[in-house]
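Worksheet: one structure, shown below.
The values are calculated or read from the model by the stated rules, or taken from the named source; none is laboratory data. Here the structure is a predicted model, which is why all the values come from computation and not from measurement. Here the Cβ positions follow ideal geometry from the backbone for every residue, glycine too, while neighbour counts run over all protein chains shown. With ligands, DNA and RNA removed, areas are computed over all heavy atoms of the protein, side chains included. Shrake-Rupley method; radii C 1.70, N 1.55, O 1.52, S 1.80 Å.
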Amino acid sequence: MRALSLFAAGVAAWVLLPAAAQAQATAEGADKIRLGLKDWIATHLTTADKSVVVNFQGPITVEPQGKSYKAVIPKSEVVFADDGDPSRLALDPVELVLTPLENGWLDTVATIPTTYRVVPSKGDDKGVELTIGTQALRGVFAPQYHAFMSLDGKLGQITARSLNPAEAKGAVRIDGIVLAGDSTAVGPDTYDSTGTVGLSGISFTDETGAQLFRLDGASVEGKAAAANLAALRDFSDKLTDLQKRYPVEPGGEMPKEFLAALGKVFESTPKLFNDFGFSYGLKGVEVTPGAGEEVNRVTLASAGFGVGLDGLAQDASTFRINFDLAQLGVDPLPEFGQFIPHSATVDLALTNLPNQALLQALTGMLDSSATLGPDQAAEIAVAQLQQAVMDGNGALEIRSFKASSPLTTIDLTGTLRPNAKAPLMMTGEARLVVTGMEAALEAAKATPDGVEMVQGLTVLQTMGAQETVDGQPARTYKLEISEKGDILLNGTDLKPLLGLR
């Protein structure tokens with residue numbers, strides 16, 4: 001929301017103040033804050049192409065109150081340009097109470113507007129209104145980094161609905177939003193940081209008042225280890241400056257000069273952090289499409305997705321990706337529904353990625369984009385990346401790839417390694433375990449359109465070794481790719497089957 005950006009703008013203005021804490025707020029300090037807020041908003045909350053314009057209905061006011069300052073950003077209107085049909089968002093005042101701490105950081109309490117109404121120029125009935133019932137927003141802001149070092153915020157009873165009277169019963173509701181964050185110093189200007197946004201009680205009702213969607217909870221979490229906040233702020237300031245110098249061209253393309261300059265910024269930037277990652281989660285999902293649909297109800301106990309990079313401040317890094325799914329239900333089951341996984345776990349990693357070679361490929365691509373064009377520069381960069389990976393000691397690790405359906409369970413693990421000397425340019429091994437093969441085959445035979453599935457399952461069953469895994473009958477498959485170019489499945493050469501020599 002734009003109001004949250006204004007909230008950040010308020011605390012950002014404190015960079016103009018001395019780092020040492022003041023025992024008592026002063027009129028001089030208040031004036032510095034006011035000027036800082038005005039300059040920050042003019043610099044950061046409007047765009048060079050006028051796609052976003054903020055019009056204030058009065059001056060910004062800042063008053064000393066004991067050891068704190070009270071800042072009020074006045075009523076405003078935000079205009080969003082949209083192909084000749086601008087939309088307008090009217091905002092009530094934003095209030096900030098800023099209290100200097102002993103280390104120069106700022107304990108910050110914000111009160112944001114409770115109503116947001118976005119209205120296009122074509123009429124109110126096409127607009128949307130969002131309301132917030134309760135709020136409590138507090139954080140500790142570090143002016144030298146332009147970053148919150150801790151955050152504890154809560155928003156409750158949030159509702160978004162159309163302004164069209166015919167859609168009055170339709171709405172998106174969120175019981176609560178929780179914002180949390182914390183940073184721990186691990187060196188000069190260097191911190192381990194975490195940040196989380198959690199939502200609870202999310203629902204969507206259509207224009208008839210029928211609930212189509214319900215979600216008990218959702219979350220987004222970010223983590224960074226050994227983050228150099230001073231370097232990150234400098235990097236952010238340089239990007240902002242580049243965007244002003246080289247605005248987006250008609251059609252949405254970035255100018256070639258911007259790409260070349262961006263490459264130089266990356267090349268001159270010190271290591272920003274060692275590890276970072278994001279994860280997303282859902283729990284308690286229920287979708288009810290309504291009458292006339294083939295599916296009456298879809299449920300999901302939980303799902304999660306995460307990505308991350310570890311070791312960026314070292315010679316080599318690891319890229320990881322994971323996914324999990326639990327208790328997916330579809331009512332009624334469609335054809336072949338018994339084969340649809342209801343639970344799954346995926347954990348993959350690319351290890352020993354050469355950081356310096358990756359950075360050189362990135363900066364080279366950005367720099368050459370100005371002369372060769374983005375497409376050709378990207379092709380060269382991809383070739384450089386492939387060579388760097390081939391020359392390294394990396395691997396694709398399938399740490400877990402498991403899926404369970406009502407009939408079968410598959411479990412795949414293994415490791416693949418690039419190898420420039422091997423005929424197939426790689427070596428590796430993998431093991432696949434399948435349980436419930438016989439039940440799946442019988443179910444496919446009983447399915448009217450299951451002829452092709454029966455053929456595939458029969459071949460798969462024949463090629464597998466019969467074993468007992470965790471007390472259950474299973475078919476196992478061991479795949480080996482050797483440095484000589486052999487492709488073996490349970491010891492049998494697959495090259496003739498694959499048409500290879």
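Once the Cα atoms of helix 27-44 and of the chain are each reduced to a long axis, what angle between those two axes, in degrees from 0 to 90 to the nearest 10, is obtained? On a 0 to 90 degree scale, this one is about 50. Among the listed pairs Lys38/Lys271; Lys75/Lys244; Lys256/Lys421; Lys50/Lys271, give every one whose C-alpha distance is greater than 31 Å. Pairs exceeding 31 Å: Lys38/Lys271; Lys256/Lys421; Lys50/Lys271. Axis angle, to the nearest 10 degrees, between helix 355-372 and the longest C-alpha principal axis of the chain: 70 degrees. Bridging of Lys70 to aspartates and glutamates at a Cα separation below 14 Å is possible for Glu28, Asp31, Glu95, Asp107, once same-chain residues fewer than 8 apart are set aside.
Just the number please: accessible area per residue for the chain, 1.4 Å probe, all protein chains included, in Å².
On the way: 26960 Å² over 501 residues.
Ligands and nucleic acids excluded, the result is 54 Å² per residue.
Heavy-atom accessible area with a 1.4 Å probe sorts Arg233, Arg297, largest first, into Arg297, Arg233.
Computed over every Cα-Cα pair of the chain and binned at 10 Å starting from 0, the pair-distance distribution P(r) comes out as 3, 13, 19, 22, 21, 13, 6, 2, 0 percent.
Would you calculate, for the chain, the mean residue ellipticity at 222 nm contributed by helices, counting each DSSP H stretch of 4 or more residues as -39,500 (n - 2.57) and dividing by all residues, to the nearest 500?
Values: 9 runs with 121 residues, N = 501.
That comes out to -7500 deg cm²/dmol.
Restrict the search to the range 327-405; then list the GluC sites (Glu not before Pro) that DSSP places in a loop and that have at most 12 other Cβ atoms within 10 Å of their Cβ.
On the way: sites: Glu335, Glu379, Glu397; in loops: Glu335.
When the GluC sites (Glu not before Pro) of the range 327-405 are filtered for loop state and at most 12 Cβ neighbours within 10 Å, Glu335 remain.
If you roll a 1.4 angstrom probe over the protein chains with everything in place, what fraction of the accessible area of the chain belongs to carbon and sulfur, to the nearest %?
Working: 15070 of 26960 Å².
Here carbon and sulfur together make up 56 percent of the probe-accessible area.
Label positions at Leu498 and Gln461, each projected 7 Å from the Cα along the C-beta direction, are separated by 2.6 nm.
Farthest towards the positive end of the charge dipole of the chain, among the residues Ser317, Ala378, Thr435, is the Cα of Ser317, using unit charges on the Cβ of Lys, Arg, Asp and Glu.
Distance between the pseudo-spin-label points of Asp152 and Ser400 (7 Å out from Cα toward the beta carbon): 3.4 nm. Only one residue of Pro255, Val197, Leu239 has its Cα farthest out toward the positive end of the dipole of the range 195-307, where Lys and Arg carry +1 and Asp and Glu -1 on Cβ, and that residue is Leu239.
If you put +1 on each Lys and Arg Cβ and -1 on each Asp and Glu Cβ, how big is the dipole of the range 320-383 around its Cα centre, in Debye rounded to 20?
Working: 1 positive and 7 negative charges, 44 e Å.
Here the size comes out at about 220 debye.
With +1 on each Lys and Arg Cβ and -1 on each Asp and Glu Cβ, and nothing else charged, work out how big the dipole of the chain is about its Cα centre, in Debye to the nearest 20.
Numbers: 40 positive and 60 negative charges, 150 e Å.
In debye, rounded to 20, the chain gives about 720.
For Asp449, the accessible surface of its heavy atoms amounts to roughly 100 Å² (probe 1.4 Å, protein chains only, rounded to the nearest 10). Of the GluC sites (Glu not before Pro) in the range 94-175, the ones in a loop by DSSP (not H, G, I, E or B) with at most 12 other beta carbons within 10 Å are Glu102. To the nearest 0.05, what FRET efficiency results for Glu249 and Leu359 with a Förster distance of 35 Å applied to their C-beta separation? The formula returns an efficiency of 0.85 here. So how far, in whole Å, is the C-alpha centre of the range 396-434 from the one of the range 238-292? Between the Cα centres of the range 396-434 and the range 238-292 lies a distance of 32 Å. Accessible surface for Ser203 stands near 10 Å², nearest 10, in the context of the full protein assembly shown (1.4 Å probe). Under a model in which nothing but the beta-carbon of Lys, Arg (+1) and Asp, Glu (-1) is charged, the range 203-313 shows a dipole of about 460 debye around its Cα centre. The aspartates and glutamates within cross-link reach of Lys154, meaning a Cα-to-Cα straight distance under 12 Å and a gap of 8 or more places when in the same chain, are Asp175. Among the trypsin sites (Lys or Arg not before Pro) in the range 388-486, those located in a DSSP loop and surrounded by at most 15 other Cβ atoms within 10 Å of their own Cβ are Lys421, Lys484. In the range 73-213, a dipole from Cβ-located charges (positive for Lys and Arg, negative for Asp and Glu) runs towards its positive end, and of Val94, Val79, Ala171 it is Ala171 whose Cα lies farthest in that direction.
Each residue was assigned an accessible area with a 1.4 Å probe, and for Ser268 the value is about 70 Å².
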